[in-house]
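Report on one structure; see the data block that follows.
Every number in this text was worked out from the coordinates using simple rules, so none of it is lab data. None of these values were measured; they are calculated from a predicted model. Heads up, the Cβs are rebuilt from the backbone with ideal geometry, glycines too, and the neighbour counts pull from every protein chain shown.
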Amino acid sequence: MTDTTLEITNVAYRWPGRAGFSLTVPHLSIAKGESVLLLGESGSGKSTFLSLICGTILPDRGRVDVAGTDITTLSGGQRDKLRAEQIGVIFQQFNLLPFGSVMDNILLPLRFAPARRERTGDATAAASQLCAALGLPTGVTRAKSTALSVGQQQRVAVARALIGQPPLIIADEPTSALDANSQAAFLDLLFAQTTTHNTSLLMVSHDPRLGERFDRVIRMEDIAQIERAAA
C-alpha cells in the first residue's frame, strides 16, 4: 500500500484553442492524511490543475496518480468512476441540487460509486451522523437545500464530499464568501472529519492567512510553470 494519496509527475497540458496557454507541473505529492493549502491568484492555472487531478482533462504527458492509480491510463468512463470513488469535491458555489433534500444531496455521490457506497454501510445513518458532526440541526436531512442558510448549505456540501470516506478531498475556494469567524468554524469542522478518517485534503485559496491551519502551504508559482503567447 502506498502512503501517498496524490502524486503528480512531469505533467504538462496545453489548452486547445487558447493560444499559448500551457501548464507544466514537474512534481507534487500529498501523503495520506495530509492537509495542503494551495495558494494562487486568478489566472495562475488552479482550475486547470484541479481538472487534471480529477481527470476531467488529460495531460499531454506525465502521470497523475490518485490513490495508487495512474488516471492517465484510464478511459473516460473509468476516470469518471475513479473520481466518484476516490475524490470528494467541495465546490466554491456548493453545487447542491436545488430541489433535492439534504439527504438526496449528501447521498448523491454514492449513486455513481459502488465501492464508496459499500464503505458507507448504512448510508442514511452515515449521512445523519455527518450532519450531526458538522453541527446541522436534527431533522435537517428532510429539508430542501434551498431552505438552508449559506452556512448550512456549505456544511451539506462538506458532508456530500465526505460520505463514503474518499481518500482525497478537494476544496475549491470554499471559504471565499465567509468572514474570519465563519472561516475558522468551517475549517474546524472540516479538519475534524478529515483527521478522523485519515483523509488527504487539498484546499485551493487565494488567502494566505489560512495557511497556519494546514500541514503544508504551496503556491502555484512554486510547483507549476505557466506559459502564454505574447499578445
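Matching residues to (1) surrounded by fewer than 17 Cβ atoms within 10 Å (Cβ to Cβ); (2) at positive phi; (3) not polar (S, T, N, Q):
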| site | (1), (2), (3) |
| --- | --- |
| THR24 | no, no, no |
| GLU34 | no, no, yes |
| VAL66 | no, no, yes |
| GLN78 | yes, no, no |
Subset of segment 173-204 (residues that are surrounded by fewer than 20 Cβ atoms within 10 Å (Cβ to Cβ) and not in a helix (DSSP H, G or I)): GLU173, SER176, ALA177, LEU178, ASP179, HIS197, ASN198
Contacts under 8 angstrom Cβ, first residue in segment 75-95 being more than 14 Å from GLY164 (Cβ to Cβ), partner surrounded by fewer than 21 Cβ atoms within 10 Å (Cβ to Cβ) and among the acidic types (Asp, Glu), 6 or more apart: ILE90/ASP172; PHE91/ASP172; GLN92/ASP172; GLN92/GLU173
Residues (without any contact (Cβ under 8 Å) to a residue 60 or more places away in the chain and surrounded by 15 or more Cβ atoms within 10 Å (Cβ to Cβ)) located in segment 96-114: GLY100, SER101, VAL102, MET103, ASP104, ASN105, ILE106, LEU107, LEU108, PRO109, LEU110, ALA113
Some residue of segment 111-121 being within 23 Å of ALA31 (Cβ to Cβ), part of a helix (DSSP H, G or I) and out of contact with any Pro (no Cβ under 8 Å at 6 or more places or on another chain): yes
Residues satisfying the stated conditions in segment 125-162, i.e. under 20 Å from the mean Cα position of the chain (by Cα), aliphatic (A, V, I, L, M) and in a helix (DSSP H, G or I): ALA126, ALA127, LEU130, ALA133, VAL150, VAL156, ALA157, VAL158, ALA159, ALA161, LEU162
Selection within segment 63-74 - in contact (Cβ under 8 Å) with a residue 24 or more places away in the chain and either touching a helix residue (DSSP H, G or I) at 6+ places or on another chain (Cβ under 7 Å) or hydroxyl-bearing (Ser, Thr, Tyr) (or both): ARG63, VAL64, VAL66, ALA67
Of all residues making up segment 122-139, the number that are in contact with a Leu (Cβ under 7 Å, 6 or more places away or on another chain) and under 13 Å from GLN152 (Cα atoms): 3
LEU210 more than 15 Å from the chain's Cα centre (by Cα), part of a helix (DSSP H, G or I) and crowded, with 17+ Cβ neighbours inside 10 Å: yes
